[in-house]
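Asks: Starting off with a structure, shown below.
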Amino acid sequence: MVSVSAKTLFASVGATRSNQQWMVLVEDLRTIEGFNPRFRDQALIDHIRSLADSMKNEGYYLERPLAGYGTLEGKKPVIYVTEGHCRLEAVKLAILEGAPIIDVPVVIKDRSTTLEDLTVALVRANENRKFGPPELAVVSKRLLKSGWDHGRIGSRLGISPEYVGQLLMIAAAPQPVQDMVQSDLATAAVALAALREHGTEAAVVLASALELARANGKDKLTAKFLPAQIRKKAAVKSAPAMFTVL
């Protein structure tokens, strides 16, 4: 490919300049406590480490701007990052380790953007590294508290209203159940099955089922180790003999 100057390119394709993207000093960017629903597991830490290493070697890719919202703290204007939290943490780590990065591109959200809009955009902007069920559960619960029904939440997040209901069940589950799903020791479907059948005892049931799965050489809990499935398997196995006796 033969490159052309930006001036020639934009004049040819009829592009217009936007005043929403700015180069902002990294030290001037802030985050909203608790806004990002990401769980800080080892996979996330490794992801940030990989981004930081890339930035140290290649610099910050200007085509991957952060998204921010301008607001006031007292009388002082500040920018809160609403999308790109991993990249922001990674660039701070890279700078700490000697990367000569001073500022990064930031697209400023329109003033009419609501907190709910920012929450939805946070999910939609993370298609490359999608949120898992527990993280989506946090987002769904947040939007539900804002007065949104299951249909509206599903429509904005790109999921079905039924799945929203399932996510809200996970959000209301005991913490050990949420931890098990987040750490990928059990799927969301298995956790939901245990919650429906055992309610508040689901955490204990899942822990016992996980021990049984590990005793059978499995690293992850599947449905066949749940009590209901074990009973069903035993009944099916015994059925021919029971029929003969009858």
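Asks: Among the candidates Val190, Val138, which residue alone is β-branched (Val, Ile, Thr) and in the same structural domain as Arg214 (by TED's automatic domain parsing)? Reasoning before the result, please.
Replies: Working: Val138 fails: in the same structural domain as Arg214 (by TED's automatic domain parsing).
Result of the check over Val190, Val138: Val190.
Asks: Let me ask something additional. If I ask for residues that are within 18 Å of Pro65 (Cα to Cα) and charged (D, E, K, R), which ones from region 108-124 would you list?
Replies: Once the filter is applied, which keeps residues that are within 18 Å of Pro65 (Cα to Cα) and charged (D, E, K, R), region 108-124 yields Lys109, Asp110, Arg124.
Asks: Can you name every residue in region 50-84 that is over 13 Å from Asp28 (Cα atoms), surrounded by 20 or more Cβ atoms within 10 Å (Cβ to Cβ) and of a type outside the set (A, V, I, L, M, F, W, C)?
Replies: Hits for region 50-84 are Tyr60, Pro65, Thr82, Glu83, Gly84.
Asks: Do we have any residue at all in region 97-120 that's modelled with pLDDT under 95, exposed (fewer than 15 other Cβ atoms within 10 Å of the Cβ), of a type in the set (Lys, Arg) and touching a Gly at 6+ places or on another chain (Cβ under 8 Å)?
Replies: Within region 97-120, one or more residues are modelled with pLDDT under 95, exposed (fewer than 15 other Cβ atoms within 10 Å of the Cβ), of a type in the set (Lys, Arg) and touching a Gly at 6+ places or on another chain (Cβ under 8 Å).
Asks: A further question follows. Pull up region 219-228, narrow it to residues that are in a loop (DSSP other than H, G, I, E, B) and of a type in the set (D, E, K, R), then point me to the one that is surrounded by the fewest Cβ atoms within 10 Å (Cβ to Cβ).
Replies: Just the residues of region 219-228 that are in a loop (DSSP other than H, G, I, E, B), to begin with: 219-220, 222, 226.
Remaining after also requiring of a type in the set (D, E, K, R): 219-220.
On the way: Asp219: 9, Lys220: 15.
The residue in question is Asp219.
Asks: On to the next question. Quick check on this structure: which one of Val106, Val123 is within 19 Å of Gln21 (Cβ to Cβ) and assigned by TED's automatic domain parsing to the domain that holds Pro37?
Replies: Among Val106, Val123, only Val106 is within 19 Å of Gln21 (Cβ to Cβ) and assigned by TED's automatic domain parsing to the domain that holds Pro37.
Asks: On to the next question. Those residues that are within 19 Å of Thr187 (Cα to Cα) and part of a helix (DSSP H, G or I), I need them from region 111-155; list them, please.
Replies: Within region 111-155, the subset within 19 Å of Thr187 (Cα to Cα) is 129-140.
Result: Pro133, Pro134, Glu135, Leu136, Ala137, Val138, Val139, Ser140.
Asks: Does region 68-92 hold any residues that are at pLDDT below 95 and either among the aliphatic types (A, V, I, L, M) or in contact with a Cys (Cβ under 9 Å, 6 or more places away or on another chain) (or both), and which are they?
Replies: Result: Leu72, Val78, Ile79.
Asks: Against the definition (modelled with pLDDT of 85 or more and either of a type outside the set (A, V, I, L, M, F, W, C) or more than 22 Å from Val139 (Cα to Cα) (or both)), how does Gln229 come out, yes or no?
Replies: Values: modelled with pLDDT of 85 or more: no; either of a type outside the set (A, V, I, L, M, F, W, C) or more than 22 Å from Val139 (Cα to Cα) (or both): yes.
No.
Asks: Scan region 45-95 for residues that are more than 20 Å from the chain's Cα centre (by Cα), acidic (Asp, Glu) and either part of a helix (DSSP H, G or I) or outside the structural domain of Ile32 (by TED's automatic domain parsing) (or both) and report the count.
Replies: Qualifying residue count, region 45-95: 2.
The values are calculated or read from the model by the stated rules, or taken from the named source; none is laboratory data. Only a predicted model underlies this, so the values are computations on that prediction, with no experimental measurement involved. No Cβ is skipped: glycine too gets one built from the backbone with ideal geometry, and neighbour counts run over all protein chains shown.
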